[in-house]
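These notes concern the structure reproduced below.
The values are calculated or read from the model by the stated rules, or taken from the named source; none is laboratory data. Quick caveat, the model's predicted, so the values are computed rather than measured. Glycine gets a Cβ as well: all are built from the backbone with ideal geometry, and neighbour counts include every protein chain shown.
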Amino acid sequence: MKKFWPFQNGNTEIWYQKPEFFRDGVMGVKWLKKQGMMPTKKTLSETHVCLGTMRETNLETIFAMMQGERWSPNGESRSTILDNGLKHTSMVTGDVIVVDGQAHIADWMGFAEFR
């Protein structure tokens, strides 16, 4: 089965949080820091899955592009999501975008950089 990814590959990485991290991840950066659960670039693969890469570098534009109704309006990404052990199609608080090596986690309002 071919992985569905509608974007041209580039240097921006899209990381979605794994289901076991999701409950805490969607609580936002302040919660994650308070609980000692904030991911690092080094530990990112323990809490997140890299879905793919793209050329876009603007965080807000990427967030909008990664809403299910835009990148998978007819369920095209379903197999990609399920094959990666994920449960959500739309980017949400707690998901990560890595642009040119700099990691940004989606927060309640905007993004927070982390190392």
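In contact with a Pro (Cβ under 6 Å, 6 or more places away or on another chain) and at pLDDT 95 or above - does that describe any residue in region 5-26? Looking through region 5-26, none of the residues is in contact with a Pro (Cβ under 6 Å, 6 or more places away or on another chain) and at pLDDT 95 or above.
If I ask for residues that are in contact with a Phe, Trp or Tyr (Cβ under 9 Å, 6 or more places away or on another chain) and of a type in the set (S, T, N, Q), which ones from region 71-98 would you list? Ser72, Ser77, Ser79, Thr80, Asn84, Thr89, Ser90, Thr93, listed by residue number. The residues of region 67-91 that are free of Cβ contacts under 8 Å to residues at least 60 places away in the same chain and of a type in the set (Ser, Thr, Tyr), listed by number, are Thr89, Ser90.
Residues in region 1-35 that are among the polar types (S, T, N, Q) and more than 17 Å from His48 (Cβ to Cβ): Gln8, Asn9, Asn11.
Those residues that are among the acidic types (Asp, Glu) and surrounded by 13 or more Cβ atoms within 10 Å (Cβ to Cβ), I need them from region 84-112; list them, please. Scanning region 84-112 gives Asp95, Asp107.
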